[in-house]
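> Sharing a structure here in structure tokens format.
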Amino acid sequence: MARAIVIDTDPGQDDALAILLALSSAADLDLLGVTTVAGNVGVEQTTVNALRICQLAGRSDVPVYKGCPQPILRPLHTAEFVCGPDGLAGMHLDAPRHAARDQHAVAFLIELLRTSLAPVTLCALGPLTNLALAFTQAPEIKAKIDRLVIMGGARDLGNMTAAAEFNFFVDPHAAAAVLRSGVPITLFPLNATYQAVATPARLKGFDEDGKVGRHVLSMLRRERPGGASLGGNDGHPMHDPCVIAYLLWPQLFEGRDCHVDMETAEGTTVGRSTIDWWGRSGQTPNAHVIGTVNADEMFARIAASMRILDERTAKEPKAIS
Ligand code: RIB
Ligand code: CA
């Protein structure tokens, strides 16, 4: 039986590949909805992007819900300097031919988890604002979450500041609330996800004869702004796809249970995640933190998944535009 999941996201190029990977694996993952949040770009654009990505995959049936336009307390910081003005630089996707649902993302998360008969896995690919507000408004829904898999935090250097990773930097108060929520968490910090760089060798497995493959390759072959200052010149780091790949192929990842704390005080370390990798604090672990990624195998399997997606969409009757 397919695992019921929700993806909370701020598309973003790596978010796009994560969503496509989830949609290519319908036998394993039942994507109940996509909730959007401000992050890489503003929430109006992340919502349009989520619609565009589902449309590319031939899955305009997947409901998209617009979420929070700004963090709980801090001012919004976005990342157009990395992902371009529309957040999906180089992907060249059509405008969506369908709209997001009227219900707010937080209301959708609460209603879904209150009514779901089976536990749901949440995949958090952006700032955690929606999830923190849902847990605050309806704490009882936490019992319906079988696991929350998060891309966020840094065991070592950050990528938004020297101290902080982007998702946790944007909304550190939400990250702190989620990390203290008691929900079972698997965390993918930067030291793990920077192992998943889309190098030319790893892109060789993608098929540009397919529509999805063509758009993904166009995005991932785009010259990377910022170069070494943003994780090197070998290619785009695919942070978010690690989250979905973990659900599909957990054997490709290794980690350990750690206590993770969040810095919310203003200053040079705001948004810093302190990951007690060596268990020195004596504090009870609140997350399973990933440390190792078998990236070559992960990309090979993602490439195969994109081919499956292309084969499926090629067979489907074309939507009447
Ligand atoms: O720091 C990387 C994370 O921030 C990724 O999720 C990326 O998409 C941005 O949201
Ligand atoms: Ca993201």
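> What full-extension length gain, to one decimal in nm, is calculated for Glu111 and Arg222 as 0.36 nm per residue of separation minus the Cα-Cα distance? Working shown, then result.
Values: separation 111, 0.36 × 111 = 39.96 nm, distance 3.96 nm.
Full extension from Glu111 to Arg222 adds 36.0 nm.
> With charges set only on the Cβ (+1 for Lys and Arg, -1 for Asp and Glu), what does the dipole of the chain come to about its Cα centre, in debye to the nearest 20? Numbers along the way, then the final one.
Values: 28 positive and 35 negative charges, 71 e Å.
Once rounded to the nearest 20, the dipole reads 340 debye.
> Follow-up. How would you rank Thr292, Thr115, going from fewest to most other Cβ atoms within 10 Å of each one's own Cβ?
Working: Thr292 12, Thr115 8.
Fewest-to-most Cβ neighbours within 10 Å comes out as Thr115, Thr292.
> Just want the answer: with Cβ charges of +1 for Lys and Arg and -1 for Asp and Glu, which residue in Ser25, Tyr246, Leu190 is farthest toward the dipole's positive end in the chain?
Highest projection toward the positive end goes to Ser25.
> Long-range amide H contacts for Thr35: which residues qualify at under 5 Å (H placed 1.01 Å from N, peptide plane, sequence gap of 5 or more or a different chain)?
Residues meeting the criterion, in which the H sits 1.01 Å from N, are Ile7, Asp8, Thr9, Tyr65.
> While we're here: Build a GNM of the chain with springs between Cα atoms under 10 Å: which of Gly255, Gly84, Gly279 gets the top mean-square fluctuation?
Gly279
> Next up: For region 129-233, go through all pairs of different Cα atoms, get the mean of 1/r, take its inverse, and jot down that Kirkwood value in Å. Mind dumping the intermediate values first?
On the way: mean 1/r = 0.0619 Å⁻¹.
By the Kirkwood definition, the hydrodynamic radius is 16.1 Å.
> Right, something else. Kindly provide the pair-distance distribution of region 1-100 built from C-alpha pairs, with 5 Å bins from 0 and whole-percent values in order of increasing distance.
3, 14, 25, 25, 17, 10, 4, 1, 0
> Further question: What's the local net charge at Ala118, with K and R +1, D and E -1, over the other residues with C-beta under 11 Å away?
Working: positive: Arg3, Lys144; negative: Asp30, Asp146.
The answer is 0.
> Using a Gaussian network model on the chain with a 10 Å cutoff between Cα atoms, which of Arg97, Arg301, Arg221 fluctuates the most?
Result: Arg97 has the largest fluctuation of those listed.
> On to the next question. Taking a ≥ b ≥ c as the square roots of the eigenvalues of the Cα gyration tensor of region 34-159, is the shape rounded (a/c under 1.5), prolate (a/b larger than b/c) or oblate? Show your work: numbers first, answer last.
Details: a/c = 1.79, a/b = 1.20, b/c = 1.49.
Oblate, because a/c is 1.5 or more while a/b does not exceed b/c.
> As a check on your grasp of the helix formula, calculate [θ] at 222 nm for the chain: sum -39500 (n - 2.57) over DSSP H runs of n ≥ 4, divide by the residue count, round to the nearest 500. Before the final figure, lay out each step's value.
Working: 12 runs with 110 residues, N = 321.
Theoretical 222 nm ellipticity from helices: -9500 deg cm²/dmol.
> Something else: For region 192-321, list log₁₀ I(q)/I(0) at each q in 0.16, 0.23 Å⁻¹, using the Debye formula over Cα point scatterers of equal strength and ignoring solvent, two decimals each.
Debye curve over Cα of region 192-321, log10 I(q)/I(0) at q = 0.16, 0.23 Å⁻¹: -0.93, -1.32.
> Using a ≥ b ≥ c from the Cα gyration tensor of region 91-174 (square roots of the eigenvalues), is it rounded, prolate or oblate, where a/c under 1.5 gives rounded and otherwise the larger of a/b and b/c decides, a/b for prolate? Working shown, then result.
Working: a/c = 2.15, a/b = 1.23, b/c = 1.74.
Verdict is oblate for region 91-174.
> Read phi for every residue in region 162-167 and hand back ³J(HN,Hα) as whole Hz from Karplus 6.51 cos²θ - 1.76 cosθ + 1.60, θ = phi - 60°, with x for Gly and Pro.
Listing the rounded values in order: 4, 9, 10, 7, 4, 4 Hz.
> If the elastic network links every pair of Cα atoms under 10 Å, which of Ala79, Ala95, Ala124 fluctuates the most in the Gaussian network model of the chain?
Ala95
> With charges only on Cβ, +1 for K and R and -1 for D and E, what is the dipole size of region 1-84 about its Cα centre, in debye, rounded to 20?
On the way: 5 positive and 9 negative charges, 21 e Å.
Using Cβ point charges on Lys, Arg, Asp and Glu, region 1-84 gives about 100 debye.
> With θ taken as phi - 60° and the coefficients 6.51, -1.76 and 1.60, list the Karplus ³J(HN,Hα) couplings across region 41-55 in order, rounded to whole Hz; mark glycine and proline as x.
Karplus-based 3J(HN,Hα) across region 41-55 equals 9, x, 5, 4, 6, 5, 6, 4, 5, 4, 5, 5, 5, 4, 5 Hz.
> Now for a separate question. Is any residue of region 148-188 close enough, with backbone N under 14 Å, to a label point placed 7 angstrom from the Cα of Thr268 along the Cα-Cβ axis, and if so, which?
It comes to 158, 161-164, nothing else.
> Find which of Ala174, Leu113, Asn130 sits farthest along the positive direction of the dipole of region 90-200, computed with +1 on the beta-carbon of Lys and Arg, -1 on that of Asp and Glu, about the Cα centre.
Leu113
> Given Val64, Leu148, Thr46, which one lies farthest toward the positive end of the charge dipole of the chain, if we put +1 on the Cβ of every Lys and Arg and -1 on the Cβ of every Asp and Glu?
Val64
> Could you size up the charge dipole of region 31-175 around its Cα centre, putting +1 on the beta carbon of Lys and Arg and -1 on that of Asp and Glu, and report it in debye to the nearest 20? It would help to have the intermediate numbers written out before the result.
Values: 11 positive and 12 negative charges, 56 e Å.
Roughly 260 debye, rounded to the nearest 20.
> Now for a separate question. With a/c under 1.5 counting as rounded, go ahead and sort the chain into rounded, prolate or oblate using the C-alpha gyration tensor (a ≥ b ≥ c being the square roots of the eigenvalues; past the cut-off, prolate if a/b is larger than b/c, else oblate).
Numbers: a/c = 1.44, a/b = 1.21, b/c = 1.19.
Note, shape of the chain comes out rounded.
> Where the centre of each part is set by its Cα atoms, how far does region 117-166 sit from region 262-303, in angstrom?
12 Å
> Sticking with this one: Can you sort Ile141, Ile290, Ile185, Ile53 so the residue with the fewest Cβ neighbours within 10 Å comes first? Please report the intermediate quantities before stating the final value.
Working: Ile141 20, Ile290 26, Ile185 23, Ile53 29.
Ordered from fewest to most neighbouring Cβ atoms within 10 Å, Ile141, Ile290, Ile185, Ile53 come out as Ile141, Ile185, Ile290, Ile53.
> Test of understanding: ordering Arg114, Arg74 by Cβ neighbours within 10 Å, fewest first, what list do you get? Please list the in-between numbers first.
Values: Arg114 11, Arg74 18.
The fewest-first ordering by Cβ neighbours comes to Arg114, Arg74.
> Then there's this: Once the Cβ-Cβ distance between Ala118 and Asp94 is put in as r, and R0 is 30 Å, what FRET efficiency do you end up with, to the nearest 0.05? Mind dumping the intermediate values first?
Numbers: r = 34 Å, r/R0 = 1.14.
Efficiency computed from Cβ-Cβ geometry: 0.30.
Read-outs: derived from the displayed coordinates by stated rules, not from any lab. None of these values were measured; they are calculated from a predicted model. Methodologically, a virtual Cβ is constructed for each residue, glycine included, from the backbone with ideal geometry; neighbour enumeration extends over all protein chains shown.
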